[in-house]
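Asker: Have a look at the structure that comes next, please.
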Amino acid sequence: MNELKPGGVHSVQLAIDVLEAVAFADDELGVTQIAERLNMTKGSVHRHLQTLVERGYLAQNATTSRYAIGPRSRLLARHAPETDLVHLADGPMRQLRDALGHPVVLSEMTPRGALVLSKLSGRSPIEIGVRPGSELAFHASAQGKVMLAFAPLPLRARLLGQPLQRFTDRTIVSARKIEQELQEVVRLGFATAPEQAMLGLNAVAAPIFDAQDACIACVALVGSIQFLPEKPRPSDVAQLIETARQISRKLGQGHGADQPAAAKRGGRTPRRAPV
């Protein structure tokens, strides 16, 4: 279960946890499955499920008694802005996946980390990666590092001032070392996090900017470190950065793709990866 944040309404946070558990599942879920995933009692889960079903945000299968997304949730999705990030990014992401064969992941910045919005599977018959709905830690993921690198300095300082969780023996938990790495991310225009969130997993991420030159998301190659090495191929990085720029232009960034927000704060503009 996601850690409850100070100042939040406990029951609201639990209800959102239940809703997200069902929404991001690959199939319908029962009460016991939801309770186990969220480390909650079945009674508490059941009470939240009843409310969400009554309001139409979830629906219960009369045959299996399991739960799935309801009509009101689908209605909210239809009312999302037409400039939907997932839709705009789909074409460039598919081109990147077809060119390189690696899984491609789109993530958006949230207050708690990099939220995985969508994923395109790679061409390998055996694949490890992340699921849509997962939230990746800022300090231990390539996606999170990209977002931190181009975030406003007060926000970065606040996030790095908190205790940093160690996921593997390669996770960097020193704020000073992360700050040094973030300077390189701004300079190079991409980030990596080999085996820092999970052993055997690597990712390479590049920033996506909106019309105000703010880094709101990133696109990443994700996969086994066997096929996506600690030092990625320069040609792969170049194609990844170009994909991020294409998506940024679709979001209205225009010429800002070459002058991101970090450069306006006095940082260096990301350069093209060597080919």
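The values are calculated or read from the model by the stated rules, or taken from the named source; none is laboratory data. If you're wondering where the values come from, they're calculated on a predicted model, not measured in any experiment. FYI the Cβ positions are ideal-geometry reconstructions off the backbone, even for glycines, and counts take in every protein chain you see.
Asker: Does at least one position in segment 48-56 carry a residue that is surrounded by fewer than 18 Cβ atoms within 10 Å (Cβ to Cβ), part of a loop (DSSP other than H, G, I, E, B) and free of Cβ contacts under 8 Å to residues at least 24 places away in the same chain? Give the steps one after another, and end with the answer.
Answerer: Initial filter on segment 48-56 (surrounded by fewer than 18 Cβ atoms within 10 Å (Cβ to Cβ)): 50-51, 53-56.
Still in the list and also part of a loop (DSSP other than H, G, I, E, B): 55-56.
Restricting the remaining residues to those that are free of Cβ contacts under 8 Å to residues at least 24 places away in the same chain gives 55-56.
Taking every residue of segment 48-56 in turn, at least one turns out to be surrounded by fewer than 18 Cβ atoms within 10 Å (Cβ to Cβ), part of a loop (DSSP other than H, G, I, E, B) and free of Cβ contacts under 8 Å to residues at least 24 places away in the same chain.
Asker: Related question: Residues in segment 57-78: is at least one part of a helix (DSSP H, G or I), assigned by TED's automatic domain parsing to the domain that holds residue 155, crowded, with 18+ Cβ neighbours inside 10 Å and within 25 Å of the chain's Cα centre (by Cα)?
Answerer: Scanning segment 57-78 turns up no residue that is part of a helix (DSSP H, G or I), assigned by TED's automatic domain parsing to the domain that holds residue 155, crowded, with 18+ Cβ neighbours inside 10 Å and within 25 Å of the chain's Cα centre (by Cα).
Asker: Now a separate question. Mind checking which residues of segment 1-21 are at pLDDT 85 or above and touching a helix residue (DSSP H, G or I) at 6+ places or on another chain (Cβ under 7 Å)?
Answerer: 14, 15, 17, 18, 19, 21
Asker: Among the listed residues 89, 99, identify the single one that is more than 18 Å from residue 225 (Cβ to Cβ) and surrounded by 15 or more Cβ atoms within 10 Å (Cβ to Cβ).
Answerer: Just a single option satisfies the conditions, and that option is 89.
Asker: Failed condition for residue 68, given (1) at pLDDT 90 or above; (2) of a type outside the set (S, T, N, Q); (3) in contact with a Phe, Trp or Tyr (Cβ under 6 Å, 6 or more places away or on another chain); (4) within 20 Å of residue 22 (Cα to Cα), with all others met?
Answerer: Result: residue 68 passes all but (3).
Asker: Please specify each residue of segment 215-235 satisfying the condition of being touching a residue at least 60 places away in the same chain (Cβ under 8 Å) and either assigned to a strand (DSSP E or B) or surrounded by fewer than 20 Cβ atoms within 10 Å (Cβ to Cβ) (or both). Explain how you work it out, then say what you get.
Answerer: So in segment 215-235, the residues touching a residue at least 60 places away in the same chain (Cβ under 8 Å) come out as 215-224, 227-228.
Within segment 215-235, 215, 216, 217, 218, 219, 220, 221, 222, 223, 224, 227 qualify.
Asker: Name the residue, out of 145, 119, that is at pLDDT 95 or above and either part of a helix (DSSP H, G or I) or under 25 Å from residue 227 (Cβ atoms) (or both). Reasoning before the result, please.
Answerer: Working: 119 fails: at pLDDT 95 or above.
Only one candidate passes the filter, namely 145.
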